[in-house]
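Trainee: Let me give you the structure first, and then I'll get to my questions.
The values are calculated or read from the model by the stated rules, or taken from the named source; none is laboratory data. Quantities reported herein were computed from a predicted structural model and do not represent experimental measurements. Positions of Cβ are generated from backbone atoms using ideal geometry, with glycine treated the same way; all protein chains shown enter the neighbour counts. Only protein heavy atoms, including side chains, enter the accessible area calculation; ligands, DNA and RNA are left aside. Shrake-Rupley method; radii C 1.70, N 1.55, O 1.52, S 1.80 Å.
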Amino acid sequence: MTESTISSRESAGTESGLRRTMTSRHLVMIALGGVIGSGLFVSSGYTISQAGPLGAVLAYAVGALVAYMVMSGLGELSARHPVAGGFHAHATRDLGPAWGFATAWLYWLCWAVALASEFTAAGLLMQRWFPSVSVWVFSLVFAALLFVLNAISSRVFGETEFWFALIKVAAVLLVIVVGIATIIGINPASEAGAIGFSNFQTEDGLFPTGITGVLVTILSVFYAFSGTELIGVAAGEAKNPQLSIPRAIRTAVVRLTIFFIGAIVVIAAIIPFSEAGANESPFVTVLDAAGLPAGADIMNFVIITALLSAGNSGLYSCARMLHSMGAAGQAPKALSQTNSRGIPMLALSLSMLGGLVSLFSSFIAAESLFLALVSIAGFAVVAVWIVICASHLSFRRHHVAVHGSTDSLPYQSPWFPVLPIIALVLLVASLIGVGFDPAQRPALLFGVPFTLACLGYYRWRHGAGVFSPQRAAEMVGTKSAA
């Protein structure tokens, strides 16, 4: 079975019942919405405290570079095969169905757990204004809101995510612009004068925690950039995917690089290293230092929006992943069904149920089950990026073998195979490094066994050959003949 045969089946995209209603604008904002969240708004101060001001900037620069390497490969795959489920479908086709199965469940669980975290955090932040209302009440209200937005239509989801993400982007740009004005001394609201970049030089030098602190931070930075791959998940509902997907990936990576590094530079310059890592959002600290009143309330609203935006993208991703698995025969066929509006309601409902189960486990079994789920979710992010790189290498090799060149590809990832190989090395190294950090070690202790269990189950259920791309071609051929 040739690649063109598989492609013809996939490109029928519309067979799945999903509708191609999303533009490049929607795809970019879905990626930004999935990435820009509490990790930037809340945890960036902690990142600086771990690596030092300059070390944090370098770590985010490396993270942005790896994100670009991985996403350029995803752009090539998704432009050639614009199917729902994105990298799960690519892994199935280019690595083997067992790898696609394990990848899909890892990523589904990742976002299901993330849903619980976003709902809980948003509920906690709402108590600033409504202290007498229990957190679980707000959590369920936000869950119901996001479910309705996802259930109406993919275009409504895209528009909602566009405006959610736009608020976050505007907040980040506000902090960057106000911060720069404060640093160079042209902010009329600040009485401190020009702050400059003196805070980068700490008492212990430019790298106060040494190179080890920088390396440990890089591990978490990869997690911070997760969400850009949501463009691949949405490929099955993108208009003109051969053009919109590569354009959206390039735009998203460039903007994320500017936002993350720009924000970290401003925060590191304004907040002394000895004070970084406090419980208060560093964005609030920057606005206070810039002389802007009501900074805390403004940022509280923005962070809630950021959490809902990430949850919105996560619920969408969960539903499309289950839908894709149902269509591929790797989950009950009923999950692939869509309603008259092109929404996979059963997959959406089960995804929301998974998020609520994780939400309750965060209260009931915070020290056991929820810890395991969160660890698997963290492991899944890097594992999925590794799968994307491996799928890209396998796809390109097979495509050239069949077609003789890459001329027929709608988009070609640059510097092949250098970029995906470098990304693979750095990502694998980050997982190895996790084992040396006690705080992150549970990601391996839970993530590796979970992955092996998925692979072992699929091998037991479907027999030999499930780790080969040839088996994926045979399965497609069987369904086509039927």
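Trainee: Name every residue in segment 108-138 that is in contact (Cβ under 8 Å) with a residue 12 or more places away in the chain and among the aliphatic types (A, V, I, L, M), in order of residue number.
Mentor: Correct list: LEU109, ALA112, VAL113, ALA114, LEU115, ALA116, ALA121, ALA122, LEU125, MET126, VAL135, VAL137.
Trainee: Looking at segment 401-445 only, could you name the residues that are part of a helix (DSSP H, G or I), closer than 21 Å to VAL113 by Cβ and either open to solvent by 20 Å² or more (accessible area, probe 1.4 Å) or without any contact (Cβ under 8 Å) to a residue 40 or more places away in the chain (or both)?
Mentor: Taking segment 401-445 as the starting set, the residues that turn out to be part of a helix (DSSP H, G or I) are 401-403, 418-434, 442-445.
Subsequent filtering for residues that are closer than 21 Å to VAL113 by Cβ retains 427, 430-431, 434, 442-445.
Answer for segment 401-445, where residues must be part of a helix (DSSP H, G or I), closer than 21 Å to VAL113 by Cβ and either open to solvent by 20 Å² or more (accessible area, probe 1.4 Å) or without any contact (Cβ under 8 Å) to a residue 40 or more places away in the chain (or both): LEU431, PRO442, LEU444, LEU445.
Trainee: Another one. Consider segment 311-348. How many of its residues are open to solvent by 50 Å² or more (accessible area, probe 1.4 Å) and touching a residue at least 60 places away in the same chain (Cβ under 8 Å)? Can you show your working first?
Mentor: Step one: list which residues in segment 311-348 are open to solvent by 50 Å² or more (accessible area, probe 1.4 Å), which gives 332-333, 337, 340-341, 345-346.
Now restrict to residues that are touching a residue at least 60 places away in the same chain (Cβ under 8 Å): 337, 341, 345.
Total meeting the criteria: 3.
Residue by residue, here is whether (1) at pLDDT below 80; (2) surrounded by fewer than 16 Cβ atoms within 10 Å (Cβ to Cβ); (3) over 30 Å from LEU353 (Cβ atoms) holds:
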position: PRO188; (1), (2), (3): yes, yes, yes
position: LEU206; (1), (2), (3): no, yes, yes
position: THR228; (1), (2), (3): yes, no, no
position: GLY236; (1), (2), (3): yes, no, no
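Trainee: Could you list, in sequence order, the residues of segment 374-400 that are at pLDDT below 90 and open to solvent by 30 Å² or more (accessible area, probe 1.4 Å)?
Mentor: VAL374
Trainee: Quickly run through segment 243-259 and pick out the residues that are under 15 Å from the mean Cα position of the chain (by Cα) and more than 17 Å from LEU166 (Cβ to Cβ).
Mentor: ILE249, VAL253, THR257
Trainee: Going by the conditions given, is ILE176 of a type in the set (A, V, I, L, M, F, W, C) and either under 18 Å from the mean Cα position of the chain (by Cα) or open to solvent by less than 40 Å² (accessible area, probe 1.4 Å) (or both)?
Mentor: It is true that ILE176 is of a type in the set (A, V, I, L, M, F, W, C) and either under 18 Å from the mean Cα position of the chain (by Cα) or open to solvent by less than 40 Å² (accessible area, probe 1.4 Å) (or both).
Trainee: Here is a further query. Could you say whether any residue in segment 80-90 is modelled with pLDDT of 85 or more and under 23 Å from ALA377 (Cβ atoms)?
Mentor: yes
Trainee: Which numbered condition in (1) open to solvent by 30 Å² or more (accessible area, probe 1.4 Å); (2) touching a residue at least 12 places away in the same chain (Cβ under 8 Å); (3) over 16 Å from PRO344 (Cβ atoms) is the only one that ALA143 fails?
Mentor: The single condition ALA143 does not satisfy is (1).
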